[in-house]
Amino acid sequence: MNFTVTVSASGHRFEVEEDETILEAAIRQDIGLPYGCRNGRCGACAADLVSGEVVYHGSPPALEEAGAGKCLPCQGFAASDLTIAAREAETAADIEVRLLPCRVHAVDHLSHDVVRLLLKLPEGQRLQFRAGQYLDFLLADGRRRAFSIANAPHDDEYIELHIRHVDGGKFTDWVFNQMKERTILRIQAPLGTFTLDEDSDRPMIFMGGGTGFAPLKGQIEHAFEAGIQRPMHLFWGVRAQRDLYLPELPQSWVRVHPNFSFVPVLSEPDADWQGRTGWVHEAVLEDFPDLSGFDLYMAGPPPMVSAARTAFRAAGMTDRQMHYDSFEYADDSQVKAGN
């Protein structure tokens, strides 16, 4: 049986299924309840239980410390309709930005110039973020390097990053050639406002260039988890076929989700390539010459973003409908690096 949870201050309501915790349901439906560890130890998610019944599988350590009249959404299951009082993060800016150590759990070479890093926070810690945000690595010499978070908030056991090797880039050289599992790094996160407008009812176009696929992946997976049924169209532009470093993933989404489509676009196509060619924003316009009724989420190199913004405005899309993350590749003197 499903139950309804009401957050008293905002009046926000969300449904909790029988087999999910209150916090899992909130994350799935983009309700910004606070959390830290998601295992019942830190107490960061503690909320006032105004009415209703919450049950637990075991005895979460932080429950007794939280005190009478409290519940722990990260471990609690609804046994009735509930009303809770909790601080909500309604926008990306409301989420606390944290400085955290992390450990490299895995380094996977996905292609000739892209690696996937999986980062693990200290025991008992999880990162609260919104799909599409990024983190900064804080390097020992004071420099920063920024990379988009590629996983969705509901799947947060590890932080996933897609890092492209940049010629002459000291940090990416180190990542590709020297970084080992269990390396300890420092991060600041979450950062950025490149997030989904879930109040809109317009169909969505996702457009990525290179590792601009990373934040789009997180956003799309969040949209699936949230049960969003609006049409979603992913256009992924790269040079050659080998640069599609996870081609089977969007193809699997196509098979499972009838409202999703995927169009890879190559600017320097292989001789045997039978798909779309040219610039990725031009492929979008070929399929959708009138963009006035769409929301756009795009991430990638600045020239791609700039060209697309100009062309899409001419096709009827307003700036309010465009959401984008322009990747700047930093040299050693810059504070913020690109993906």
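Filtered by the rule that a residue be hydroxyl-bearing (S, T, Y), open to solvent by 40 Å² or more (accessible area, probe 1.4 Å) and within 30 Å of the chain's Cα centre (by Cα), segment 44-84 gives a lone residue, Y56. State whether one or more residues within segment 131-150 are without any contact (Cβ under 8 Å) to a residue 60 or more places away in the chain, open to solvent by less than 60 Å² (accessible area, probe 1.4 Å) and in contact with a His (Cβ under 6 Å, 6 or more places away or on another chain). Scanning segment 131-150, I find no residue that is without any contact (Cβ under 8 Å) to a residue 60 or more places away in the chain, open to solvent by less than 60 Å² (accessible area, probe 1.4 Å) and in contact with a His (Cβ under 6 Å, 6 or more places away or on another chain), so the answer is no.
All conditions in (1) touching a Lys or Arg at 6+ places or on another chain (Cβ under 8 Å); (2) outside any strand (DSSP E or B); (3) under 30 Å from E20 (Cα atoms); (4) in contact (Cβ under 8 Å) with a residue 40 or more places away in the chain hold for F171, with the sole exception of (3). Inspection of segment 46-66 identifies no residue that is of a type in the set (S, T, Y), closer than 19 Å to D156 by Cβ and in contact with a helix residue (DSSP H, G or I) (Cβ under 9 Å, 6 or more places away or on another chain). The criterion of at least 3 residues that are charged (D, E, K, R) is met by the following strands (runs of 3 or more DSSP E) wholly inside segment 58-146: 98-109. When D272, D295 are screened for being on the phi < 0 side of the Ramachandran plot, touching a Lys or Arg at 6+ places or on another chain (Cβ under 8 Å) and either among the charged types (D, E, K, R) or modelled with pLDDT under 95 (or both), only D295 passes. Of all the listed residues (R130, R116, R103, R126), the sole one being out of contact with any strand residue (DSSP E or B) (no Cβ under 8 Å at 6 or more places or on another chain) and on the phi < 0 side of the Ramachandran plot is R126. I'm trying to understand the selection: among the residues of segment 253-267, which are assigned to a loop (DSSP other than H, G, I, E, B) and open to solvent by 40 Å² or more (accessible area, probe 1.4 Å)? Result: H257, P258, S267. Against the test of being over 13 Å from the mean Cα position of the chain (by Cα) and either within 30 Å of D290 (Cα to Cα) or open to solvent by 20 Å² or more (accessible area, probe 1.4 Å) (or both), the options G208, G212 yield a single qualifying residue, G208. Please go through segment 275-322 and pick out each residue that is assigned to a loop (DSSP other than H, G, I, E, B), buried (at least 17 other Cβ atoms within 10 Å of the Cβ) and either in contact with a His (Cβ under 9 Å, 6 or more places away or on another chain) or charged (D, E, K, R) (or both). Those that are assigned to a loop (DSSP other than H, G, I, E, B), buried (at least 17 other Cβ atoms within 10 Å of the Cβ) and either in contact with a His (Cβ under 9 Å, 6 or more places away or on another chain) or charged (D, E, K, R) (or both): F288, F294. Only one of the numbered conditions (1) touching a helix residue (DSSP H, G or I) at 6+ places or on another chain (Cβ under 8 Å); (2) without any contact (Cβ under 8 Å) to a residue 40 or more places away in the chain; (3) of a type outside the set (D, E, K, R) is not met by A78, and that is (2).
If you check L23, L33 for being surrounded by 22 or more Cβ atoms within 10 Å (Cβ to Cβ), under 29 Å from L135 (Cα atoms), touching an Asp or Glu at 6+ places or on another chain (Cβ under 7 Å) and free of Cβ contacts under 8 Å to residues at least 60 places away in the same chain, only one passes: L33. For segment 180-195, the set of residues classified as out of contact with any strand residue (DSSP E or B) (no Cβ under 6 Å at 6 or more places or on another chain) and open to solvent by less than 40 Å² (accessible area, probe 1.4 Å) consists of P190, T195, listed by residue number.
The values are calculated or read from the model by the stated rules, or taken from the named source; none is laboratory data. Everything numeric in this text was worked out from a predicted model, so none of it was measured. Using ideal geometry, Cβ is built from the backbone for each residue, glycine included, and neighbour counts are taken over all protein chains shown. Calculation scope for accessible area: heavy atoms of the full protein, side chains included, ligands and nucleic acids excluded. Shrake-Rupley method; radii C 1.70, N 1.55, O 1.52, S 1.80 Å.
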